[in-house]
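For reference, the structure is listed below as structure tokens.
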Amino acid sequence: MLDSRRLSLLRDVAITGTIAAAAARAGCTAAAASQQLAALERELGATLLERSARSVRLTEAGRVLAEHAEPLLASLAEAERAVRDVAELRGGRVSVAAFATAGISFVIPALNTFRRRHPDVELHFAELESNEALPRVRSGEIDLAVTHEYTPLSRPDLRGFTQRPLYREPMLLAVPRSLMPAEPAPVALTDFAAADWVGALTSTGFQAATEMACRAAGFEPRISVRVHSYPMVLAMVAAGFGVSLVPQLAATAQRGLGYLPIDRPGGLARQIYATTRTGGRSPAVQQLLRCLTEALARRTTSLS
């Protein structure tokens, strides 16, 4: 591999006509420049300069190499500028993914803050559930994904990932107003063993967590309605079709709907993470993490 500093010296000899002038441009002594040019000749096994007591001129091999050196050095300089731009957030791109509840609650505000602070960084976003996002983070398509895991479900394979906990949100029981007690207090899921339940179409994630929680409480939930999204879950509960477990960030205020904290079984929660590839935290990803933390702090303050 040719040394860029030696190529630069040869180019400058071609431009200035002397080793001394080329050395001055490079900020070194003429003797040091001559040694570097001699090393370049040994490396290539070709004579590049014809030296005399008073002058130096390029051989045909030297002229050809000097001509090739100019675009090569320009490309290296452009690459260095591009890397510095990325490191200093004056360029580059970053790709983010998040599931819908997080996106609406705090990711979109965080992305707006990032875009305002670093307008020269190209920002890409995709709405993805955690099971969809993880393979894309692993492949490098996504740089940072906001993912979640439900307690008490088993954890996915996280080899090759680094996770930063963002927020542990409790699960709440969404109930129709007709089932809300006069004075809301923590409840046991067994109190609603005879009720109809609103569930999810998929058998994983939220639905699996619901079924496991109910089984831990000693009963099998009677799923009367299955829907795809939390807005539909809440709409069906508000319409009186059943009760449902929902994470705190999804628990929006709606007419005809109330929320109850759960004390039995204990520990029902959804843990939210910022997930990246191990070793893949660029300056842009670091700044995104900061923006996410700030936006989430504002969001959770509003919940308290």
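Overview of results
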quantity: Unmet requirement for residue 236, which otherwise passes all of (1) buried (at least 17 other Cβ atoms within 10 Å of the Cβ); (2) under 29 Å from residue 164 (Cα atoms); (3) not assigned by TED's automatic domain parsing to the domain that holds residue 107; calculated: (2)
quantity: Those residues of the stretch 151-190 which are among the hydroxyl-bearing types (Ser, Thr, Tyr) and touching a residue at least 12 places away in the same chain (Cβ under 8 Å), in sequence order; calculated: 151, 162, 167, 178, 190
quantity: Which listed residue is of a type in the set (Lys, Arg) and either outside any loop (DSSP other than H, G, I, E, B) or touching an Asp or Glu at 6+ places or on another chain (Cβ under 7 Å) (or both), from 54, 5; calculated: 5
quantity: Number of positions in the stretch 8-26 that are of a type in the set (S, T, N, Q) and either outside the structural domain of residue 62 (by TED's automatic domain parsing) or part of a helix (DSSP H, G or I) (or both); calculated: 2
quantity: Test for residue 248: is it surrounded by fewer than 19 Cβ atoms within 10 Å (Cβ to Cβ), in contact with a helix residue (DSSP H, G or I) (Cβ under 7 Å, 6 or more places away or on another chain), assigned by TED's automatic domain parsing to the domain that holds residue 178 and at pLDDT below 95; calculated: no
quantity: Any hit, the stretch 157-177, residues being outside any loop (DSSP other than H, G, I, E, B), small (Gly, Ala, Ser), under 27 Å from residue 124 (Cα atoms) and out of contact with any Leu (no Cβ under 6 Å at 6 or more places or on another chain); calculated: no
quantity: Those residues of the stretch 211-235 which are farther than 22 Å from residue 103 by Cβ and either of a type outside the set (D, E, K, R) or touching a Lys or Arg at 6+ places or on another chain (Cβ under 9 Å) (or both), in sequence order; calculated: 212, 213, 214, 216, 217, 218, 219, 221, 223, 224, 225
quantity: Answer residue from the stretch 212-251, given it is under 29 Å from the mean Cα position of the chain (by Cα) and of a type in the set (Ser, Thr, Tyr) and is farthest from residue 129 (Cα to Cα) among those; calculated: 230
quantity: Candidate set: the stretch 3-16, residues that are at pLDDT below 85 and more than 12 Å from residue 66 (Cβ to Cβ); chosen: the one surrounded by the most Cβ atoms within 10 Å (Cβ to Cβ); calculated: 4
quantity: Test: residue in the stretch 94-115 that is at pLDDT below 90, among the small types (Gly, Ala, Ser) and under 19 Å from the mean Cα position of the chain (by Cα); calculated: no
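The values are calculated or read from the model by the stated rules, or taken from the named source; none is laboratory data. These numbers come from a predicted model, not from an experiment. Neighbour counts run over all protein chains shown; Cβ positions are idealised from the backbone, glycine included.
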